[in-house]
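The values are calculated or read from the model by the stated rules, or taken from the named source; none is laboratory data. What you see is a predicted model; the values in this text were computed from it and never measured. Every residue, glycine among them, receives a Cβ derived from its backbone with ideal geometry; neighbour counts consider all protein chains shown. Accessible surface is based on the protein model in full, side chains and every heavy atom, while ligands, DNA and RNA are left aside. Shrake-Rupley method; radii C 1.70, N 1.55, O 1.52, S 1.80 Å.
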Protein chains: 2
Amino acid sequence: MAREAGTEALARLAEERVDHRFKGLPPDATGLTLAELAAQRRNLFTDGFTTPVLALSAERLEHNLKLMETYADRHGLAFAPHGKTSMAPLLFQRQIEHGAWGITLAVPHQVRVARTYGIGRVFLANELVDAPALRWIAAELAADPEFRFLCYVDSVRGVELMDAALRGTARPVDVVIELGAGEGGRTGVRTEADARAVADAVAGVETLRLVGVAGYEAQVPGAAPEPVRAWLGRLVALAAEFDKAGRFAGAEEIVVSAGGSEWFDAVADVFAKIPELSLPVLKLLRSGAYVSHDDVHYSRLTPFNRVPEEGALEPAFRLWAQVVSRPSPEQAFVNAGKRDAAYDLDHPVAHMVRRDGTEHPATGIEVTALSDQHLWLGTAPGADVEVGDWIGFGLSHPCTSFDKWQLIPVTEADGTVVDYIRTFF
Amino acid sequence: MAREAGTEALARLAEERVDHRFKGLPPDATGLTLAELAAQRRNLFTDGFTTPVLALSAERLEHNLKLMETYADRHGLAFAPHGKTSMAPLLFQRQIEHGAWGITLAVPHQVRVARTYGIGRVFLANELVDAPALRWIAAELAADPEFRFLCYVDSVRGVELMDAALRGTARPVDVVIELGAGEGGRTGVRTEADARAVADAVAGVETLRLVGVAGYEAQVPGAAPEPVRAWLGRLVALAAEFDKAGRFAGAEEIVVSAGGSEWFDAVADVFAKIPELSLPVLKLLRSGAYVSHDDVHYSRLTPFNRVPEEGALEPAFRLWAQVVSRPSPEQAFVNAGKRDAAYDLDHPVAHMVRRDGTEHPATGIEVTALSDQHLWLGTAPGADVEVGDWIGFGLSHPCTSFDKWQLIPVTEADGTVVDYIRTFF
């Protein structure tokens, strides 16, 4: 039933009407549904789209979806891609179609979005002690016997708060102990002793059920192959210890989860060596950034750089913005800024200049700063850029690229817009 | 007619239904209209709101709106607050009710939002060379004789591109020459000679009408009182020169515009000395950040620090997030991150800790870093913070605070939520 409602909700996305809510869409498309607009197969460059506009490559998106499906299959990993990256139900659906076990999320609002669009399995990679949100989760669990939900716990007090909020609800909430990545790292218990204390607390309440262990290896201080593998080894050992101690006695399977977008090769290697436990093991990988990949940060850090024989992700975003000022030979400005481009990890990178239907490489053009609504470009002698040119930029950090756009045209290589991806941040 | 449609559109905002689109709202309010939810006068802390949630103080918002209305009046300035800050039609409306001449915006998408909600006068503080956007503007001008629209020009090529896009339209588009703030500054012509060349180009086309000069003094390199005043003096002198040369002959009034949120005292002083020109002068101030003000950046830079006898803006935002992890005596983590808090200029500042209905100051608690969905807190010995606590944060930079929230509860001092502000980014 939840799944049917989700399918209907997805279909309704295509019936949303083009209006002032969505940046970059053609003004003369106002009033059309997104389905009608997609059916027109407009060209991003010539059919009325306005700048700035962020586009996702249809081919690269599909390539990335397939590559991680293959990767997870090959390594015997279940996959719950982190949905916080895109917060796009249509991409969640495609991830599920490409074999994903479910979707990872970070906060209850994101779970609401996923549930609205029919996601049946959610891994909440966070402790959840917000009473109204817990009661909402409990109601979802009660209403839909097929809904699978897991979240972190990393403190006895967290267990107490969860129990207080959940007292009297129908199904216990499944939790995994979060093992912190080390002193000074992010969330998660710092020691195995702390993990045992939290597990004891979980065992002492009826509202929670311990089903596994998890963490996030990219937060290992000084993350490098050896310390990351060592931490993954601790995580696996903790699972084995807990299993031996009968701590997962109430579960149907044991969840062991790790894996962002920087170390899934190490996760695959270490999880391959998980010993036989008393129950089936769900080895759950949670990488999210792969779906769009990027042009700087993850291009540099992707595990595929270490295992090129397993494939390569392709950066799927291109931000198009227009030069509105060329006040000196050293400077140019486009009409996109912090509102449109990720800027937390690296500046956007100018790739190409488009003028009168032809493109040339953006040689000698560099983003030097961002204002709210402008990118500052430094232009070297000979850089060929004029007012009116469109510049295509690559971006760094998918999570802070998606979150600046509520609707993203999906384009084929020739610029034909074939779909529109709605996000909910 | 446009105004009536705008009033209807504003009214429809209150009929939007609470659902998965909006972070922080009570799950048990799903399906209510915003008007119905506001009528319930729920308490932000006790009536089901989920964390993280950004709130705007009703009293401080009203204070800031009144203060800048008074300030502009006292100094004989017309006021077109920069709407890019909030992109909130309900705040645009309140700014107009508080005497604003119109709304300043940065990109055509923002103009579409403003027009949807009935804004009759728009100052676009950018050159606009995007052909589909220009044709849309021309259609708005043709359809609504009362619509007043102005934008920057800073290049001859820009004039040519605008003219090419606007050829054959009914009303000319009003433009002001943008005077750049100096070598290495942002957009705008670098010299008076360039300004004359652009003005000549405008005079040579029928699609544009030159009505003034403008710029943005905060981009003066090494901005300080003297260089800022010197640049404002250049801007005023350019207006006088152009007037004397008959360059504004086609206009009904001469627009002279400057003024962000850091130097409006200098703008007021220098604009007070604009000599009598051949036409009435519209001295247009464009500050935007004042509406919410902030706790760090603009608190430090506001001109009211130099003229305290004229009043003081009050920071109106408070971000509430919940502690989800306290893994060591030196660390705590809340469930808000880059998705929820401005981080481009300064980190959020922890103000208070709320536990079981009482608040204490967030002594010894400091934001040390942001992840996408977490704030990292460093906690000094004795800092009183536990898992489950709500922490109230002040933010820096209104523009990148508003843009992370599509719906913002407006709260009275006791936490009663009296209204909901919708944004369109």
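Here the sum of -39500 (n - 2.57) over DSSP H runs of 4 or more residues, divided by the residues of chain A, equals -9000 deg cm²/dmol at 222 nm, to the nearest 500. Using alpha carbons only, how many angstrom separate the centre of the range B:149-226 from the centre of the range A:284-339? Their Cα centres are 32 Å away from one another.
Give the separation of the Cα centroids, the range A:375-425 to the range B:63-136, in Å. Here the two parts' Cα centres lie 26 Å apart. Between A:Ala230 and A:Arg94, the contour length at 0.36 nm per residue exceeds the alpha carbon distance by 45.6 nm. The mean count of C-beta atoms from other chains within 10 Å of the C-beta of residues in A:109-116, rounded to a whole number, is 5.
In terms of its C-alpha gyration tensor, the range A:99-145 comes out oblate, because a/c is 1.5 or above while a/b does not outweigh b/c. The length gained by stretching the chain between A:Ser278 and A:Glu36 to full extension, at 0.36 nm per residue less their Cα-Cα distance, is 81.8 nm. When chain B is treated as a GNM with alpha-carbon contacts under 10 Å, the residue of B:Lys283, B:Lys244, B:Lys66 showing the greatest mean-square fluctuation is B:Lys244.
For B:Pro280, the label point sits 7 Å beyond Cα toward Cβ; its separations from the matching points on the remaining copies run 7.8 nm, from shortest to longest. Here r is the Cβ-Cβ distance between A:Ala237 and B:Asp384 and R0 is 30 Å; the resulting FRET efficiency, rounded to 0.05, is 0.30. Here the average projected area of the convex hull drawn through the C-alpha atoms of chain A stands at 21.2 nm².
Between A:Asp144 and B:Asp28, the FRET efficiency estimated from the beta carbon spacing at R0 = 25 angstrom works out to 0.90.
In chain B, Cα pairs under 8 Å separated by at least six residues give a relative contact order of 19 percent.
If R0 is 25 Å, the Cβ-Cβ spacing of B:Ser328 and B:Arg300 corresponds to a FRET efficiency of close to 0.20.
If you sort B:Arg60, A:Arg247 by accessible surface, 1.4 Å probe, largest first, the order is B:Arg60, A:Arg247. For B:Pro227, the label point sits 7 Å beyond Cα toward Cβ; its separations from the matching points on the remaining copies run 4.1 nm, from shortest to longest. Sorted from nearest, the other copies put their A:Ala139 label points 4.2 nm away, the label point being 7 Å from Cα in the direction of Cβ.
Our coupling estimate for the range B:253-262, obtained by passing each phi through the Karplus curve with A = 6.51, B = -1.76, C = 1.60 and θ = phi - 60°, is 8, 9, 8, 10, 9, 7, x, x, 9, 10 Hz, Gly and Pro reported as x. Each residue was assigned an accessible area with a 1.4 Å probe, and for B:Lys404 the value is about 30 Å². In this rough spin-label picture, where each label sits 7 Å from Cα along the Cβ direction, the B:Thr358-B:Asp73 distance is 4.4 nm.
Panel note: the C-alpha atoms of the range B:120-287, placed on their principal axes, show extents of 45, 32, 29 Å (largest first).
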